[in-house]
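A.B. asks: Submitted below is the structure of interest, expressed as structure tokens.
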Amino acid sequence: MIVIDPGHGGQDPGAVNSLGLQEKKITLKIAIKLKNLLKNSDLFYPVLTRNDDSYVSLKKRKNFVKNNHVSFLISIHVDSSKKKYVSGASIWIAANDRMHREINNFIKNKKENIYFPKNIQNVIQKKKYDFFLKKTILDLQFNNFQKMEINLSKYIFQQFKKIVKLDKIHPNYASLGILSAINTPSMLIETGFITNFSEEKKLRTNEYQNKIANAIYIALKNYFQDTFLSNLRDT
């Protein structure tokens, strides 16, 4: 299951440029195109956090991820800057300190229901296991998620460099709420700058939105196929 999260929506337009183009409209169009590509593949079951111009709170978006067996979350966004010359796509993943804080809070509070695979769930639920063992297991899981995120970002950058300017060829780290579910690997993709004249012209076109969606789709397909084959070889 791939959850595609089109940033913003409804009364939250996201970034808006001087021409009135709104981030929420671009992210939804790219997300729907990506969903349709994934839907036509036997590998994936895609789900959108919103499929129209509606407002979905961050809490609802996170709760869906927390309560389901999600293989990966992709949050689609468009960047902005006061400096109009700034351009380029980027990828963001959760900062270590944010995720360790989320893990600690989950273990201490014990109120929140989060989906975990059975082997992890058994340890989390049983009182006989102490805080440090539970934290160690969830930290190890987070380390595995982070490796997935970094490796997938390489596949996406490989596809992006064919169609879009890249400021960096490695992911950035940030304390972002949408990326903070402790049971799911995730990343946020900034597809370009709505405040840059040349990128804005591209981002508003159907052709360029198709290119962005197709690049992410090919990267996901190649990454999961390669990972599956690698796991087969290891067994």
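A.B. asks: Return one whole number: the accessible area per residue of region 23-150 in Å², for a 1.4 Å probe. Mind showing how you got there, number by number?
C.D. replies: Details: 7410 Å² over 128 residues.
Result: 58 Å² of accessible area for each residue.
A.B. asks: So for region 115-234, considering every pair of alpha-carbon atoms, how many percent are separated by more than 21 Å?
C.D. replies: Working: 3841 of 7140 pairs.
It works out to 54 percent of all Cα pairs.
A.B. asks: If you don't mind, another one. Give the Debye-formula value of log10 I(q)/I(0) at each listed q (0.24 Å⁻¹), with one equal scatterer per alpha carbon of region 1-99, two decimals each.
C.D. replies: Summing over Cα pairs of region 1-99 leads to -1.35.
A.B. asks: Here's something else I'd like to know. Compute the Rg to Rh ratio over region 1-42 from the alpha carbon atoms, using the Kirkwood formula for Rh, and round to two decimal places.
C.D. replies: 1.10
A.B. asks: If you roll a 1.4 Å probe over the chain with all protein chains in place, what percent of the accessible area is carbon or sulfur?
C.D. replies: Values: 6360 of 12420 Å².
Taking all protein chains in place, the chain shows 51 percent carbon and sulfur surface.
A.B. asks: What is the calculated FRET efficiency for residue 95 to residue 162, with r their C-beta to C-beta distance and R₀ = 30 Å, to the nearest 0.05?
C.D. replies: On the way: r = 29 Å, r/R0 = 0.97.
The formula returns an efficiency of 0.55 here.
A.B. asks: Can you give the translational diffusion coefficient of the chain in µm²/s, computed by Stokes-Einstein from the Kirkwood radius over Cα pairs at 10 °C and 1.306 mPa s?
C.D. replies: Values: Rh = 18.6 Å.
The calculation lands on 86 µm²/s.
A.B. asks: Where in the chain lies the longest segment free of trypsin sites (Lys or Arg not before Pro) that are both loop residues by DSSP (not H, G, I, E, B) and have at most 15 other Cβ atoms within 10 Å? Don't skip to the end; give the middle numbers.
C.D. replies: Details: sites that count: 82, 83, 84, 110, 111, 126, 127, 128, 161, 162, 165, 168.
Answer - 1-81.
A.B. asks: A further question on this structure: Can you tell me the Rg and the Dmax, both Å, for the Cα atoms in region 180-235?
C.D. replies: Reported Rg and Dmax, both Å: 16.2, 51.
A.B. asks: Same structure again: Give me the number: length gained by fully extending residue 218 to residue 231, i.e. 0.36 nm times residue separation minus the C-alpha to C-alpha distance, one decimal in nm. Could you put the intermediate results ahead of the total?
C.D. replies: Working: separation 13, 0.36 × 13 = 4.68 nm, distance 1.98 nm.
Here the answer is 2.7 nm.
A.B. asks: Moving on to the next point. Hey, got a sec? Which chymotrypsin sites (Phe, Trp or Tyr not before Pro) in region 111-199 land in a DSSP loop and have at most 16 other Cβ atoms within 10 Å? Display every interim value, and only then the final one.
C.D. replies: Working: sites: 115, 129, 131, 132, 142, 145, 155, 157, 160, 173, 193, 197; in loops: 115, 129.
Listed in order of number, the matching sites are 115, 129.
A.B. asks: How large are Rg and Dmax for region 54-151 when only the alpha carbon atoms are used, in Å?
C.D. replies: 16.7, 57
The values are calculated or read from the model by the stated rules, or taken from the named source; none is laboratory data. No experiment lies behind these values; they were computed from the predicted model shown. All Cβ positions, even for glycine, are placed from backbone atoms using ideal geometry, and neighbour counts span all protein chains on display. Surface areas here come from the heavy atoms of the whole protein model, side chains and all, with no ligands, DNA or RNA. Shrake-Rupley method; radii C 1.70, N 1.55, O 1.52, S 1.80 Å.
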